[in-house]
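Below is one structure, written out as structure tokens; the observations come after it.
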Amino acid sequence: MRPQRFIRNLTKTEHQEIEELYHRGPNHRVRKRAQAIRLSAMGYTVTQIVQILGCNRQSINNWFDLFEAQGCKGLYDNPRPGRPIIATVDYRTRLVQA
């Protein structure tokens, strides 16, 4: 059996940030990662978190590593390259009005 991993003890500020991200994070991915940190801090094992969140063990461990290295900033997605927006602000404004 694998040894269970838990997140390090959260500071009061980190606990508040995690709660804020869990309830009002900018997207579902950040909220899910915050929930994983939150559950570990509450004493849930990685195995239990995997079952609750429906993701794999490696993802949980990656989120723990990022959180421990970067704090709450590590729970956000990195910018991804992609095609630049070609619609101008004026075009998008008129589109919304239509």
Residue in region 47-59 that is within 21 Å of Glu19 (Cα to Cα), modelled with pLDDT of 95 or more and touching a Phe, Trp or Tyr at 6+ places or on another chain (Cβ under 6 Å) present: no
Residue among Arg38, Arg5 that is open to solvent by less than 70 Å² (accessible area, probe 1.4 Å), of a type outside the set (Gly, Ala, Ser), touching a helix residue (DSSP H, G or I) at 6+ places or on another chain (Cβ under 7 Å) and not in a helix (DSSP H, G or I): Arg5
Residue satisfying all of: in region 47-91; small (Gly, Ala, Ser) and under 12 Å from the mean Cα position of the chain (by Cα); most open to solvent (accessible area, probe 1.4 Å) among these: Ser59
So Tyr44, is it farther than 14 Å from Lys73 by Cα, open to solvent by 30 Å² or more (accessible area, probe 1.4 Å) and of a type in the set (Ser, Thr, Tyr): yes
Residues of region 8-33 classified as outside any helix (DSSP H, G or I) and loosely packed, with under 11 Cβ neighbours inside 10 Å, total: 4
Flag if Asp77 is of a type in the set (D, E, K, R) and modelled with pLDDT under 95: yes
Given (1) out of contact with any Leu (no Cβ under 6 Å at 6 or more places or on another chain); (2) among the charged types (D, E, K, R); (3) assigned to a helix (DSSP H, G or I), number of the condition Asp77 does not satisfy: (3)
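The values are calculated or read from the model by the stated rules, or taken from the named source; none is laboratory data. What you are looking at is a predicted structure, and each value in this text was computed from that prediction instead of being measured. As a convention, Cβ positions derive from the backbone with ideal geometry for all residues, glycine included, and neighbour counts pool all protein chains shown. These accessible areas exclude ligands, DNA and RNA; they are computed on the full protein's heavy atoms, side chains included. Shrake-Rupley method; radii C 1.70, N 1.55, O 1.52, S 1.80 Å.
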